[in-house]
Structures are given as structure tokens and as C-alpha cells.
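The values are calculated or read from the model by the stated rules, or taken from the named source; none is laboratory data. Predicted model, so just to flag it, every value in this text is computed and none were measured. Accessible surface is based on the protein model in full, side chains and every heavy atom, while ligands, DNA and RNA are left aside. Shrake-Rupley method; radii C 1.70, N 1.55, O 1.52, S 1.80 Å.
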Amino acid sequence: VALDAGLGRVFVVIGAEAGRIRPALEDLDVTIVVNPDWQDGIASSLRAGVAEIGRVAPDARGLIVLPGDQPRMPAEHLARIDAAQRGSGAAIVASDYGDHRGPPAYFGRRHFAALMALRGDAGARDLLQGDGVETVTAPAGSHFDLDHPADVLRLRET
């Protein structure tokens with residue numbers, strides 16, 4: 001999805017199953033980032049990704065965080081997030097699911113330090129709830145998460 005959006009360089013953070021996942025990514029034009037602290041929660045994956053972006057793309061204006069467990073998220077939604085950010089200059093642009101804001105979300109460079117300070121399994125949830133966050137309506141059905149094996153079965157059924 002991130003590659004299809006065509007917005008720039010794509011970084012993929014992997015952790016617990018890195019050895020099994022890496023082969024599926026090696027033929028893609030992505031930068032693979034291994035998170036050795038994956039057991040510390042999603043914040044550790046955000047930190048690993050932001051650190052790598054800071055190292056190899058120090059002039060990046062920002063980044064879009066796209067969880068790997070949202071298989072129904074269309075590339076067009078990422079393009080809408082990017083267009084909203086460019087149009088408004090907002091430092092954060094989140095997906096609006098009606099009852100909450102969430103990823104995919106854009107974070108401008110000025111928020112990289114806040115992303116690096118995150119801990120635990122809540123990710124950047126608090127940053128997305130703040131004032132001044134621009135939102136883009138998420139497409140219907142795009143928030144389907146693959147969190148459990150039963151979710152994969154539900155995805156196959158639909």
C-alpha cells in the first residue's frame with residue numbers, strides 16, 4: 001500500500017518474526033528496519049523507524065505511519081493524508097474513523113522527538129488526539145485490523 005501510494009521512500013519495521021517476514025520484503029523497494037526491542041510494544045517500533053529515517057533521510061519533512069495490520073487501507077487514503085498536509089501545513093494529519101482518530105497518520109519533523117519519547121503499547125494515540133490535528137476521513141471498512149488468527153479467517157471470508 002505504501003509503495004502504491006508513491007509518496008517517497010518506504011521503511012518497514014519488523015520485530016518478533018523478523019526472520020520469517022524479511023524474505024517477503026526483500027524483493028520490494030523498501031528499507032527494512034529490525035526492531036530488537038519489539039517486545040516493549042508498538043512505541044519501540046515507532047522509535048526504530050523514526051531513528052532510521054533520521055539517520056538515512058535527515059531532510060525528511062515528515063513521515064506517514066501505516067500499521068502493517070490494516071490490509072484494507074487503500075493507497076489513495078495515504079495520498080489524501082499527504083495532500084491534506086501539504087494544503088494545510090499541519091504538523092499532524094490523522095485518519096478519522098468517526099469515533100476516534102488513528103493511523104495512518106502524518107507526523108511532521110517537529111514531532112520526531114515526541115515519537116522517540118513514546119513508550120509502551122499505545123503508540124502515538126495521545127499525539128493524534130491533541131488540538132490542531134488535521135483529519136482525513138478514513139474509507140469505510142479500512143480500519144479492519146489483523147490482530148488475531150481469527151481476524152485472518154474473517155478477512156478471507158469477506
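Checking a compactness column here: for the chain, what do you get for Rg(Cα) / (2.2 N^0.38 Å), N being the number of residues?
Values: Rg = 15.1 Å, N = 158, 2.2 N^0.38 = 15.1 Å.
Normalised Cα radius of gyration, the chain: 1.01.
If one computes P(r) from the Cα atoms of segment 116-155, what percent of pairs lie at distances over 16 Å? Don't skip to the end; give the middle numbers.
Values: 475 of 780 pairs.
The calculated P(r) of segment 116-155 puts 61 percent of pairs beyond 16 Å.
Accessible area per residue of the chain at 1.4 Å probe, in Å²?
Details: 9000 Å² over 158 residues.
Per residue, the chain has 57 Å² of solvent-accessible surface.
Once fully extended, how much extra length lies between residue 37 and residue 99, figured as 0.36 nm per residue of separation less the alpha-carbon to alpha-carbon distance? Write out the running numbers ahead of the final one.
Details: separation 62, 0.36 × 62 = 22.32 nm, distance 3.11 nm.
Gain on stretching residue 37 to residue 99: 19.2 nm.
Show that you can apply the helix-only estimate: for the chain, add -39,500 (n - 2.57) for every DSSP H stretch of four or more residues, divide by all residues, and state [θ] at 222 nm to the nearest 500. Show your work: numbers first, answer last.
On the way: 7 runs with 60 residues, N = 158.
Taken over the chain, the calculation gives -10500 deg cm²/dmol.
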